[in-house]
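Visitor: Can you read through this structure? Questions will come right after.
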């Protein structure tokens with residue numbers, strides 16, 4: 001009788017569903033941005049694929065952790081999962097700045113090749129920090145926003161220019177501008193208070209910040225294509241059931257493919273949106289395009305020096 005009772009209890013325990021786990025995810029962009037929309041869909045896929053064992057609450061607009069705090073916050077378990085601009089980690093390790101080198105990858109095809117070449121290096125570095133990368137999503141090619149028309153680098157001399165990482169600060173310096181570190185959420189205020197009068201960023205960020213309220217000119221220079229990636233605390237990931245871990249990885253693969261498609265669609269839509277709100281959308285002026293080649297070559301050599309063997313490996317894999 002006792003044995004039958006134990007057997008019945010064991011079968012009952014096996015039949016019970018695993019305890020539900022809830023994660024909070026720090027997303028960088030506002031709700032209307034495709035990066036955040038993709039993250040929300042990723043969370044929905046995780047819940048579906050895990051049959052509700054794991055749910056992820058996505059909190060947008062860096063409300064939980066600002067960009068400089070994100071990686072350390074995930075490492076420490078402040079949140080188990082979060083999204084960050086890869087090149088924002090360039091101060092920590094220059095290898096992370098690969099996709100912010102001007103003209104190294106200016107098409108989505110080349111950006112994917114760069115991601116494929118750099119991902120193994122990033123995965124190794126993240127593993128050392130107790131982290132795992134789940135998926136990457138690119139921003140649209142970066143363009144220049146200016147209050148006044150520009151024709152060459154001379155027109156940037158002394159201009160207060162927004163920078164969002166070490167690479168864009170260096171780019172501003174090489175243009176002759178004065179870099180000012182401004183987060184995405186502070187762009188509108190920075191323009192309205194005169195802290196900046198120019199910036200380089202994506203057309204989607206321009207739409208998010210309603211750049212037409214502060215500047216008149218957008219130059220589609222396609223300088224580079226930066227990427228965000230979503231990272232997860234390795235201990236938190238390993239603490240999930242096998243079913244939930246598999247759900248996370250499967251949903252991440254879906255999110256990466258979907259996110260790259262969303263980025264391509266958003267590029268043309270956002271650029272058109274800038275024009276429809278009265279901005280002058282123009283190609284890169286001829287003189288500036290030539291000067292950008294020199295700036296790109298300078299920054300490539302600087303990056304290769306700073307990133308060392310990692311840069312050599314990435315460049316070799318690109319060829």
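Visitor: Would you pick out the residues in segment 223-264 that are without any contact (Cβ under 8 Å) to a residue 24 or more places away in the chain and under 24 Å from residue 207 (Cβ atoms)?
Guide: 257, 261
Visitor: Something else about it: Yes or no: residue 40 at pLDDT 95 or above, in the same structural domain as residue 243 (by TED's automatic domain parsing), under 26 Å from residue 240 (Cβ atoms) and touching a strand residue (DSSP E or B) at 6+ places or on another chain (Cβ under 6 Å)?
Guide: Yes, satisfied.
Visitor: Related question: Which strands (runs of 3 or more DSSP E) sit wholly inside segment 126-184 and have at least 2 residues that are farther than 19 Å from residue 223 by Cβ?
Guide: Hits in segment 126-184: 131-138.
Visitor: Looking at segment 310-319, is at least one residue modelled with pLDDT under 95 and under 23 Å from the mean Cα position of the chain (by Cα)?
Guide: Yes: segment 310-319 contains one or more residues that are modelled with pLDDT under 95 and under 23 Å from the mean Cα position of the chain (by Cα).
Visitor: If I ask for residues that are free of Cβ contacts under 8 Å to residues at least 12 places away in the same chain and crowded, with 20+ Cβ neighbours inside 10 Å, which ones from segment 176-202 would you list?
Guide: Kept after step one, since they are free of Cβ contacts under 8 Å to residues at least 12 places away in the same chain, are these residues of segment 176-202: 186, 189, 193.
Hits for segment 176-202: nothing passes.
Visitor: Something else now. Quick one: which of 220, 294 is farther than 27 Å from residue 63 by Cα, touching a residue at least 60 places away in the same chain (Cβ under 8 Å) and either surrounded by 16 or more Cβ atoms within 10 Å (Cβ to Cβ) or in the same structural domain as residue 150 (by TED's automatic domain parsing) (or both)?
Guide: Answer to the check: 220.
Visitor: Here is a follow-up. Got a sec? Which of 26, 60, 50 is in contact with a strand residue (DSSP E or B) (Cβ under 7 Å, 6 or more places away or on another chain) and either within 26 Å of residue 266 (Cα to Cα) or crowded, with 21+ Cβ neighbours inside 10 Å (or both)?
Guide: Sole residue among the options that is in contact with a strand residue (DSSP E or B) (Cβ under 7 Å, 6 or more places away or on another chain) and either within 26 Å of residue 266 (Cα to Cα) or crowded, with 21+ Cβ neighbours inside 10 Å (or both): 26.
Visitor: From 85, 114, 89, 104, grab the single residue that is modelled with pLDDT of 95 or more and either more than 17 Å from residue 310 (Cα to Cα) or not assigned by TED's automatic domain parsing to the domain that holds residue 251 (or both).
Guide: One residue alone meets the criteria, 85.
Visitor: Now, a different point. What is the residue count in segment 269-280 for residues that are within 24 Å of the chain's Cα centre (by Cα) and within 29 Å of residue 154 (Cα to Cα)?
Guide: So the count comes out to 5.
Visitor: Are any residues in segment 191-207 assigned to a helix (DSSP H, G or I) and within 29 Å of residue 118 (Cα to Cα), and if so, which ones?
Guide: Start the filter on segment 191-207 by keeping residues that are assigned to a helix (DSSP H, G or I), which leaves 191-192, 203-207.
Result: 203, 204, 205, 206.
Visitor: Go through the residues of segment 272-291 one by one and say whether even a single one is modelled with pLDDT of 95 or more and on the phi > 0 side of the Ramachandran plot.
Guide: Checked segment 272-291: at least one residue is modelled with pLDDT of 95 or more and on the phi > 0 side of the Ramachandran plot.
Visitor: Next question. Exactly one condition in (1) exposed (fewer than 15 other Cβ atoms within 10 Å of the Cβ); (2) touching a residue at least 60 places away in the same chain (Cβ under 8 Å) is false for residue 274; which is it?
Guide: The number of the failed condition is (1).
The values are calculated or read from the model by the stated rules, or taken from the named source; none is laboratory data. Just so it is clear, the structure is predicted and the values come from calculations on it, not from any experiment. Virtual Cβ from ideal backbone geometry, glycine too; neighbours counted across all protein chains shown.
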